[in-house]
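The values are calculated or read from the model by the stated rules, or taken from the named source; none is laboratory data. Bear in mind the structure is a predicted one, so any value in this text is a computation, not a measurement. Here the Cβ is made from the backbone with ideal geometry for all residues, glycine too, and neighbour counts use every protein chain on show. Each accessible area value is taken on the protein alone, full model and side chains, heavy atoms only, with ligands, DNA and RNA left out. Shrake-Rupley method; radii C 1.70, N 1.55, O 1.52, S 1.80 Å.
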Amino acid sequence: MLSRGRPLVRSQLAQLTRRGLATTAAGTASPAATASPHEQLRATSTAPVFFDRVSIPGYEHLERIPAFRVLDGEGHKLDGVTGEWADQLDAIPDEVLTRVYRKMVLLPALDTILSSSQRQGRISFYMTSYGEEGTVVGSAAAFEPTDEVFAQYREVGVLLYRDYPLSSIMSQVFSTVTDTATRGRQMPVHFGSDHHHFHTISSPLATQIPQAAGAAYALKRTPGREKGCVVCYMGEGAASEGDFHAGVNMASVLGGPLVFIARNNGSDDSSAYRSASAVESIKKFDSPIFRLRKYLESRPTPLWSSELEESTKASDRKEIMTAFSKAEKQKKPSLDSMWEDTFAEMERPQREQRAELKRLVEKWGVAWEKELEKFEGGKKAFLEAP
């Protein structure tokens, strides 16, 4: 991770929501006191562990890298958290803490509705962020809103924290005429926004890594962006791709302000290898949302309550469903728009493709009528276009 001289209060927000189970003394790590089905969470530390080699001095007895953690599973500050880290935790502004929590609560509500819609066939694709709300939203709070983000599939929480509208999320997911991210040409979850400094997501695994390295080099060379930063998210599976090694090597050689955030979710599909009961067990066992809520409620002046929880969830669901219902009823971009924005003028391959689609629509238009009417202008506008 790159140290950028940012206020440390903000930079430690993500630490509130890191996973872990038990700790003994400040700066030391140990296995959890009781056995757990979630063995990957067992090594924790109340001071961050920095290393530049596979074998970490002082931690050779551990099979895993200790996770830096300041709160226990009940949202209480761990006994070993003292000095600098305790001061930084206490200094985080109340409004920032509550904003982080609100976005963490909004994220799974959005995921539940859209993942259910995908299973119902109402949208074609969706990836959830269950269990990763703290990593995604907490890290978003640690960066400036103008820092450049290169994400994969599970970082919509960054956009939510940056106030990306739910209407824009739904427009992209449903590929509507109001989709400003991909103009209805990409599969769902491929969000992007110049205004929010969130680079459009690519489908192939790990392509964002060398892209992020190039962007960091560009910031390094751009007057006025010297204090900017690039943040690149990836899952552990991306480390198996060639682009991972190429991107990390580029970052090392070219330099530039770049932070890689790699999370180990154990799979490229959050549900394929986990039963519903296992997912629920993790949520109850060590939920980052539950942990932060308890911390907010335990502040000298409580920042959260059961009443706020209920009203927030009701409001979130209403807002999500309003945007969902509106987007589901909207038309998709016209068929003719498929060839726009590629070249200033259509080249021969594009003209041939367009002519071929017209031929097929003329031949099969009656059979395809229901589907063609989903596009702005429908079959008639496409066939009559010059």
For the stretch 339-357, enumerate the residues that are surrounded by 11 or more Cβ atoms within 10 Å (Cβ to Cβ) and within 24 Å of F174 (Cα to Cα).
W339, E340, T342, R354, L357
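Any idea which residue in the stretch 205-230 is most open to solvent (accessible area, probe 1.4 Å), counting only those that are assigned to a loop (DSSP other than H, G, I, E, B) and out of contact with any helix residue (DSSP H, G or I) (no Cβ under 8 Å at 6 or more places or on another chain)?
Per the stated criteria, the residue is K227.
Criterion first (surrounded by 14 or more Cβ atoms within 10 Å (Cβ to Cβ), without any contact (Cβ under 8 Å) to a residue 24 or more places away in the chain and more than 29 Å from V177 (Cα to Cα)) does L308 satisfy it?
Working: surrounded by 14 or more Cβ atoms within 10 Å (Cβ to Cβ): yes; without any contact (Cβ under 8 Å) to a residue 24 or more places away in the chain: yes; more than 29 Å from V177 (Cα to Cα): yes.
In short, yes.
If I go through the stretch 51-89 residue by residue, how many of them are modelled with pLDDT of 75 or more and open to solvent by 70 Å² or more (accessible area, probe 1.4 Å)? Walk me through how you get there before you give the answer.
Within the stretch 51-89, the subset modelled with pLDDT of 75 or more is 66-89.
From what is left, the residues that are open to solvent by 70 Å² or more (accessible area, probe 1.4 Å) are 74, 76-77, 79, 82, 84, 87.
Matching residues across the stretch 51-89 total 7.
Here are D316, D336: which of them is open to solvent by less than 60 Å² (accessible area, probe 1.4 Å) and modelled with pLDDT of 95 or more? It would help to see each step written out before you state the result.
Details: D336 fails: modelled with pLDDT of 95 or more.
Just one listed residue meets the conditions, D316.
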What are the residues in the stretch 145-184 that are open to solvent by 20 Å² or more (accessible area, probe 1.4 Å) and basic (K, R), if any?
R162, R183
Residues that are closer than 21 Å to P145 by Cα and open to solvent by 60 Å² or more (accessible area, probe 1.4 Å), drawn from the stretch 90-106
D94, E95, R99, R102
Top-ranked residue in the stretch 124-143 [being in a loop (DSSP other than H, G, I, E, B) and touching a Leu at 6+ places or on another chain (Cβ under 7 Å); ranked as least open to solvent (accessible area, probe 1.4 Å)]:
S129
